[in-house]
Amino acid sequence: AHALANALLSAGLSFGPLGVLITLYTGTALLTNIISNTATCVMMIPVAAHISEELQGMENSELNLKTLIIMVILASNAAFATPLGSPCNLLVVDAGDYEFRDFLRFGGMLQLVLLVSTCTLLYACPCT
């Protein structure tokens, strides 16, 4: 968890607090498309806690633990880009004659929209 948190933090800090939100969201969203949302939350909450601890030592950082946990919760429930992340997605693959690329095409765009809107809102209005 510490290694992943440090990697996400170092990648995001070059773009400021918004970059940290984007990298945390992206890491969580990529993981939730492979495993279940519950497992993703369990794995990413310690990462968010470590990132929050690291950010507390820096000035001009409005991001707190509550904001980062809400980010993890929202991102871990955005399993739209693959049929693997959610049992509901797996159920409709055969019934709807969908292919893996259909999920990537439509779910990927939906995840991009959610990434932009969630990160922007949590950056503009961090939790207190």
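The values are calculated or read from the model by the stated rules, or taken from the named source; none is laboratory data. Here the structure is a predicted model, which means the values were calculated and not measured. Note: ideal-geometry Cβ built from the backbone for every residue, glycine included; neighbour counts use all protein chains shown. What goes into the accessible areas is simple: the full protein's heavy atoms, side chains included, and nothing from ligands, DNA or RNA. Shrake-Rupley method; radii C 1.70, N 1.55, O 1.52, S 1.80 Å.
Which three extents, in angstrom, do the Cα atoms of the range 54-113 have along their principal axes, listed largest first?
Sorted largest first, the three principal extents are 52, 19, 14 Å.
Working only with C-alpha atoms, what are the Rg and Dmax values of the chain, expressed in angstrom?
15.2, 53
I'd like to verify something in the chain: which complete DSSP H helices, judged by Cα projection on the helix axis, reach 15 Å or more and average at least 1.0 on the Kyte-Doolittle scale?
Sorted by number, the helices that extend far enough and score high enough are 2-13, 16-32, 65-76, 108-124.
According to a simple spin-label model (label point 7 Å from Cα along Cα-to-Cβ), what is the distance in nm between Leu110 and Ala39?
Inter-label distance under the simple model: 2.1 nm.
For the chain, with all protein chains present and a 1.4 Å probe, just round the carbon and sulfur fraction of the accessible area to a whole percent.
Carbon-and-sulfur percentage of accessible area, whole number: 69.
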